[in-house]
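A short reminder: the numbers here are calculations on the coordinates, not readings from a lab. Because the structure is a prediction, the values reported are computed rather than measured. Positions of Cβ are generated from backbone atoms using ideal geometry, with glycine treated the same way; all protein chains shown enter the neighbour counts.
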RNA sequence: GCGGUCGUGGCGGAAUCGGCAGACGCGCUACUUUGAGGUGGUAGUGGGACAUCCCGUGGGGGUUCAAGUCCCCCCGACCGCACCA
C-alpha cells in the first residue's frame, strides 16, 4: 500500500474539524494545560517557514498533554493591526479591513494544512471591535489610575512626505520611501508608565520559569542602576541636577555635559555667548537616532555653553558645561558630571577638547586610558574620601551630599515609558475626548467600542496628525463630563496594545460583558508554556507582563505573572545561511513543501532541523530523510504480526526510547527525540517484523510529531476512536537498563580497549577484568600503576609511569 | 556602542555531572534489486601511504587521571536595540 499523504492528511484534518477534536472543554474541575504560541501578524506574504517551527513544537506539547489526560487550551488568533497592512491599503486603495480579511483567510488555510491542533472556536482578531473594545477598556483603566499621560516626545519626521515615520522607515537617516531628510520633531504623545512597574518586573522574574537568556535580556533592558542625583550650582544662579552611578568620583569631575535637548539651554538663552553655534549643534543632533548618538566608536562632538559654568559642590571649582549628543535627555536627568579619568566616553571627550583629566581612583594609568574598574581602586585627590575603597567612598559621599542638601541616593532604570500614540489609521482609537474646560476626559465604558470610522483615505494629514484628524464627524463630539463641545483624540494605539492581553481573551473569547469571566481566567491562567521569538523578549513580553500586573492590581486576574514558562525558538534561515527575505531571494514557501512532501514530513523536518533554540539553515535535501522515515513507518503495515508484548530483543530499546522521547519533548529537544525514534525504527526493521503492541506504541509515540499518518495507521489497525484521544505510552525505569555495559578502558587517558561488564560490578572487579584483557595487559607490561579510576558504566582509566 | 547568542566531518547537527567525539539524518563511494529516470536494499564513510599508531571540536595558554564541556587571552560569525511585528 502506498503512503498517500495528501489523501490521508485531508481526511484526518476534516475529521478533527467535524468532531471538534481539539476544543478545550469548559469543565473547570479537570487538570488544565494552557499552551501558547505568539499569534502571527497576518502579512501579505503568507506564512513563513519560521512560523511552523514554534507552532509545531507547542502542538507536540499540547498533543502529548491531551494524551496524558489534561484539558488542553491551545488557541490561535491574529495580531492584525499594523503598519504594513495600512501601507498596502494606501498603495492599492483597498480598505485595511479587507486586506486583513484576505490575509487572515490565507494564513488560516495554511495553518490548517499543517494539522496543528488549535481550538479554532476560540480564534480571535485584534482588529475585531468586539476584541478591541476590551483593549480600549484596559486603556481607560490605566488612564483612571494615572498610568496613561501626555508628554512631549520627539518623533521621526520626514520633511518631504510630511509624515511621522516609524524607526524602520528611516534608513541611514533618510526616509525609506522618498529619500527625504528625516528630523526629530516634538509632538505631544500618549505615554504609559511602565517605569512605575520596573522594580516589580525585575523582582517577579524570580517566580517564573523563563529560559535564562530571556530573564537576562529583560533585566538588562530594564537596566536598574543605583547611584545618586547631585545638584551643581551654576554661575547662572540656579541648580543643575545630574545623575551618576559613580558619586565616589565627584572630585574628578572637571566639566559637565547636558543633552542638546536639555531645557536649561532655553532657560539660559540670554547668558549664552555662542547661541548660533549651539543652535547649529542642536539641529545636527536632531537628525541622529539615539543609537547613532551613543555609538562609542564614533568621534565625540560637542559645543561649550559659553557664559555659564557649573560649580563642583565638593570643592567649589567652576567647571565648563558642554552640550553633546552622547548624553540622552531620556536617561537620568539628561545631564552628567564628566569624570574623564574614570569614564571611557568622558575620557575621549576630554582628550578631544583638551579638558583636564584628574585621577581620583588609583590603580590604572590615566595617561593612557580611563580607569573604570571599581573593585580594586583606592581613592586619591578626593579630600575626605582619600584612602577609601570605591565602595566605601560611594556611601560616604552620598551621606555627605544628603547632609549638605546637595544630593541624594537614586535608583535609575534604563527602561523608558511606553510611547503609546501612533499617527496612523489602522490601530485601536484611543478612547479619550479633549474638552477645553475639563481637559482629557475618558469615554464612558458604555460607549465602547469606539469604532474606527469608515474613510476613503488613510493618508496622514499635512501636519503629521493621524488620518482620523481629517474626519470632522469623528473628531467633533461632546464632552462626556460637561456636555460642551469637545474633540476626540485622533491618535491610535500601537500594535503592541492588542497583543498585551490576548492570552486572556482566549480563556473566554465570546464574552460580551467582560474581557473574560473571572472563573475562566482563574482556571486557565497563568499560561503554562509560552513559546515565542527572542525578538519579542524586551517589548511584547515586557509590555504584556506590565499589563497583566496592572490587571492583577485592579483585581481582573488573580495571578501576578501571565506566563509560568517562557521558551524561545531559533530562526529558520535560508539555504545560504542568511535570514530569509524576498530581497535575498531565499524564501521557502511552506505550501510548496506540504504539497510535495506532506504536512507530517514538514512538521518532522522542522523539528529535526537542529537544536530548537538555535537558528538553523533550511535544507531541501534533508527533508528527504524525514519523508523516508515516515514511509518506512507506513511500510511496517506489511510485516505486522500479532502479539501484545514487546519481543525480548526490543524490550529495553522500547522502554528507553519512550523515556527519551517523553523527556526530550519536555526539554524542547525535539531533534534528539526524532533521532531516537529513527534509531528504534532501525532496530525494528532489523528484525523483519513488528507486532501489534509494538506498532501501536510506536505510532502513539510518533503521534504528536506526525499526527496524520499515525492516526491513519491506528485506524488501519482496526481501532475505532482517535489516536489523538488515546493514552500516552509509559515506560518502566527498571527495564531501561541492560544487564551488561560496554566500558572504555584508557591508559594514561588514551583509549586502549573496551570490555563488557555486568552492570553494578565493584571497582576492584571492573579493574581486574580490564587488566586481564590481553591488549591492556600488553600496554601495562613493565609499567608502574600510579592511579586507577573507574566511573561505573562509562570508563576505566589506569595511570602508569 | 549597549545587550544577547554561537563557533564540532563535505553538510544539518549529537555528546545529563568533565568520562569512548561525530548519535540521527543528508550527501558521497562500492555492490545489489527493480529494470530503466531522482526507487528499494546491503556495506563503508573525521583526517593521515588508513590492521592495534598518530592527529583532530575557531586560535593560543592553563586546571585535571581525563576537556567540545571548566578558567584566562585572542579571532570570527549572527541577532536585538524601544514607531516593523
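Comparing Cα centroids, the stretch A:199-270 and the stretch A:437-497 end up 36 angstrom apart. Hydrodynamic radius of the stretch A:407-518 by the Kirkwood approach over all distinct alpha-carbon pairs: 16.4 Å. Cβ-to-Cβ counts within 10 Å put A:471, A:690 in ascending order as A:471, A:690, the fewest first. Scaled against the 2.2 N^0.38 Å expected of a compact globular protein of N residues, the Cα radius of gyration of the stretch A:542-662 reads 1.60. Each of A:566, A:200 has some number of other Cβ atoms within 10 Å of its Cβ, and from fewest to most they run A:200, A:566. Shape class for the stretch A:571-613: oblate, because the ratio a/c of the largest to smallest gyration tensor axis (alpha-carbon atoms, square roots of eigenvalues) is 1.5 or more and b/c is at least a/b. Highest mean first, the peptides A:347-357, A:537-547 sorted by other C-beta atoms within 10 Å per residue fall in the order A:537-547, A:347-357.
In chain A, the longest principal axis of the Cα atoms and the axis of helix A:620-635 are about 40 degrees apart.
Distance from the alpha carbon centroid of the stretch A:301-349 to that of the stretch A:700-726 works out to 70 angstrom.
Using every pair of distinct Cα positions in the stretch A:631-744, the Kirkwood expression returns a hydrodynamic radius of 14.6 angstrom. Binning the alpha carbon pair distances of the stretch A:323-441 at 5 angstrom intervals from zero yields the distribution 2, 9, 12, 13, 15, 14, 8, 5, 4, 6, 6, 5, 1, expressed in whole percent.
Quick one: Cα convex hull volume of chain A, Å³ per residue? It would help to have the intermediate numbers written out before the result.
Working: hull volume 186.7 nm³, N = 801.
Per residue, the Cα convex hull of chain A comes to 233 Å³.
Built from the Cα atoms of the stretch A:1-150, the convex hull projects on average onto 13.2 nm², one quarter of its surface area.
Summary value for the stretch A:210-278: 21 percent relative contact order, contacts being C-alpha pairs under 8 angstrom separated by 6+ residues.
If a/c stays under 1.5 just call it rounded; otherwise compare a/b with b/c (prolate if a/b is bigger, oblate if not). Do that for the stretch A:667-718, with a ≥ b ≥ c from the square roots of the Cα gyration tensor eigenvalues. All intermediate terms of the calculation are to be shown ahead of the outcome.
Working: a/c = 2.65, a/b = 1.18, b/c = 2.25.
Taking the square roots of the gyration eigenvalues as a ≥ b ≥ c, the stretch A:667-718 is oblate.
Centre-to-centre separation between the Cα atoms of the stretch A:593-622 and those of the stretch A:513-583: 25 Å. Peptides A:485-495, A:153-163, A:584-594, A:421-431 ranked from most to least packed, by the mean per-residue count of other Cβ atoms within 10 Å: A:421-431, A:485-495, A:153-163, A:584-594. Over the residues of chain A, the helix contribution to mean residue ellipticity at 222 nm works out to -10500 deg cm²/dmol, using -39500 (n - 2.57) for each DSSP H run of at least 4. Each 5 Å bin from zero holds the following percent of Cα-Cα pairs in the stretch A:407-454: 5, 14, 16, 17, 16, 9, 8, 9, 4, 2, 0, 0. Please give the helix A:344-353 orientation as an angle from the longest Cα principal axis of chain A, in degrees from 0 to 90, rounded to the nearest 10. Orientation of helix A:344-353: about 40 degrees from the principal axis. I'd like the orientation of helix A:5-19 relative to chain A: the angle between its Cα long axis and the longest Cα principal axis, in ° from 0 to 90, rounded to 10. The two axes meet at around 70 degrees.
Relative contact order of chain A, taken over Cα pairs closer than 8 Å and 6 or more residues apart, is 14 percent. Across all Cα pairs in the stretch A:140-265, the calculated P(r) in 5 Å bins from zero up to the longest distance comes to 2, 8, 11, 10, 12, 17, 17, 14, 8, 2, 0 percent per bin.
Taking every C-alpha pair closer than 8 Å and separated by at least 6 residues, the mean separation divided by the residue count of the stretch A:491-547 gives a relative contact order of 44 percent. Once the mean of 1/r is taken over each pair of separate Cα atoms and inverted, the stretch A:746-801 shows a Kirkwood hydrodynamic radius of 11.3 Å.
Among A:700-710, A:90-100, sorting by the average number of other beta carbon atoms lying within 10 angstrom of each residue, highest first, gives A:700-710, A:90-100.
I need the shape label for the stretch A:477-579. Rule: rounded when a/c is under 1.5, else prolate if a/b > b/c, else oblate, with a, b, c from the alpha carbon gyration tensor. Oblate shape, in that a/c is at least 1.5 and b/c is the bigger or equal ratio.
The calculated FRET efficiency for the pair residue A:311 and residue A:270, based on their C-beta separation and a Förster distance of 22 Å, comes to about 0.65.
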